[in-house]
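Since the structure comes first, as structure tokens, the remarks are kept for the end.
Quick note: the coordinates plus some simple rules give every number you see, no bench work behind them. Here the structure is a predicted model, which is why all the values come from computation and not from measurement. We place every Cβ from the backbone using ideal geometry, glycine too, and count neighbours over all the protein chains shown.
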Ligand SMILES: [Ca+2]
């Protein structure tokens, strides 16, 4: 496939860019997105998992307490890449939008992606100079292919057909690297570090997009990382949820006027389990924690490289998750404990419920446990260290933010296709400590999951159930459905959603 041509790609420097361009160069940008990471898994959002490098971004930057994604892997990717709702842009093909790489490259940025792409056209045909990673949705961390390496068992996997991997512009169906120490999260960091070294003397700024596969299933981790967490989860999910909630309040990330949601109805009480069951569940969560821990270690290696090449002080770093903790159980090897190459296991709803503390529900739903994400922004000299904001943001805002700080303009067409306008607005005022005008309305849809938020009101629906209405100012964890008390509000907001849906499909 050849690279599509852009229509307008002229530089239109905003007031901000004019101001900074006279003194310093435009910032480098690093966007790191974890996969299926629950809201409270990282330390600076209340978690007990060891994440010092991510926590350091929070300590030196800004944390958002109301930031949204699209509750599912590929829709979130389509949206964050294009700045449009995935339903309007053509989800995995993104044919009605330009990616941020297609917009920033003509503005003078080097564009690199290392990690999980999960869209159809390869990144090298959509504005990225360089690519290495998983082009599909998930894979075996030790061996993404289907063949066993000599002396090793066959890799555990979910599907019969091989997953698509890619190196630069070349797709590889069934990628089995020779290196027995291969581990995807490490490999993504290695590739990013190699490109930073290669481009260290470049005067152009870089955009480095690092979409992780961690901690999406299968549960695979290095034994030494698992050992660090093994046994810690025998406190069980009931105590873990309470512990994370208490910690969120203690560190100022959650207001105690909002209650912790009750344990999900699919999850038994920890005390009802046998000792052997408790041990097996402890191992699952220890492997999951090890995956998050390893991701943080690898992020730390990338950060060290950025510092080594002298670019740290002029780099904007963003960290978020693509959707909430995942309750799916595609365990094809139920008799093999999680961790090694031959296993294919998941945490299931029990621990995913704890991952999403204090919220209800999961990935693929539009309750706060599904579409709510940690969002950290770090930018020395621009963002004040240690700030927490309650301003509402959404991943549709990422593209306009990048455009504003890069002084880039959105093209009016791509190839021979006229593009739809961008859906979001820049976060730069929030980064600068100002209060920006809130989004009038935010919308979500994935399958039969739907939601709409206008100010403090959120209307949400799952499957064939009725719409539910929540007042997020009084009830952030969605415990008190006000739909029957406020039929007029339900009607108005349902119409908003229906009108948006029609617009998306035009
Ligand atoms: Ca995901």
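Gyration tensor over the Cα atoms of region 440-506: the corresponding equivalent ellipsoid has semi-axes (square roots of 5 times the eigenvalues, largest first) of 19, 13, 11 Å.
With all distinct Cα pairs included, what does the Kirkwood hydrodynamic radius of the chain come out to in Å, to one decimal, could you say?
Working: mean 1/r = 0.0433 Å⁻¹.
Hydrodynamic radius (Kirkwood, Cα pairs) of the chain is 23.1 Å.
Approximating the spin labels as points 7 Å out from Cα along Cα→Cβ, the residue 335-to-residue 179 distance works out to 3.4 nm.
Apply 1/(1 + (r/R0)^6) to the Cβ-Cβ distance of residue 232 and residue 259, taking R0 = 25 Å, and write down the FRET efficiency to the nearest 0.05.
0.45
Peptides 388-395, 137-144 ranked from most to least packed, by the mean per-residue count of other Cβ atoms within 10 Å: 137-144, 388-395.
Can you tell me which of 267-273, 61-67, 455-461, 494-500 comes out highest on packing, and rank the rest after it, using the mean Cβ neighbours within 10 Å? If you can, show how the numbers build up before the last one.
Values: 267-273: 13.0, 61-67: 21.9, 455-461: 20.1, 494-500: 15.3.
Listed from highest to lowest mean packing, they are 61-67, 455-461, 494-500, 267-273.
Averaged over residues, the count of other Cβ atoms within 10 Å places the peptides 222-235, 320-333, 281-294 in the sequence 281-294, 320-333, 222-235, highest first.
Would you order 261, 25 from fewest to most other beta-carbon atoms within 10 Å of each residue's own beta-carbon?
Values: 261 22, 25 13.
Ascending Cβ contact count within 10 Å gives the list 25, 261.
Starting from the Cα of residue 224, step 7 Å toward the Cβ, then list every residue of region 158-186 with an amide N under 17 Å from that point. Only 180-186 fall inside the zone, counting backbone N under 17 Å.
So what is the relative contact order of region 168-297, in percent, for Cα pairs below 8 Å that sit 6 or more residues apart? Please report the intermediate quantities before stating the final value.
Numbers: 78 pairs, mean separation 53.0, N = 130.
RCO, region 168-297: 41 percent.
How far is it, in nm, from the label point at residue 272 to the one at residue 502 when both lie 7 Å from their Cα along the line to the Cβ? The modelled label-to-label distance comes out at 4.7 nm.
Each label was represented as a point 7 Å from its Cα along the Cα-to-Cβ direction; for residue 251 and residue 437 these points are 3.5 nm apart.
If you rank 467, 117 by fewest surrounding Cβ atoms within 10 Å, what's the result?
Values: 467 18, 117 27.
The fewest-first ordering by Cβ neighbours comes to 467, 117.
What FRET efficiency do you get for residue 464 and residue 492 if R0 is 22 Å and r is their Cβ-Cβ distance, rounded to the nearest 0.05?
Numbers: r = 22 Å, r/R0 = 0.99.
Computed FRET efficiency for residue 464 and residue 492: 0.50.
Using C-alpha pairs under 8 Å with a sequence gap of at least 6, the mean separation divided by the residue count of region 440-506 gives a relative contact order of 22 percent. Given a Förster distance of 56 Å, report the FRET efficiency between residue 202 and residue 484 from their Cβ-Cβ distance, rounded to the nearest 0.05. So, using R0 = 56 Å, E works out to roughly 0.40.
The mean sequence distance of close C-alpha pairs (under 8 Å, at least 6 residues apart), as a share of the length of region 337-430, puts its relative contact order at 17 percent.
Only counting other Cβ atoms within 10 Å, I'd like 298, 440 sorted with the fewest neighbours first. Each step should come with its number before you reach the end.
On the way: 298 25, 440 8.
The order, fewest Cβ neighbours first, is 440, 298.
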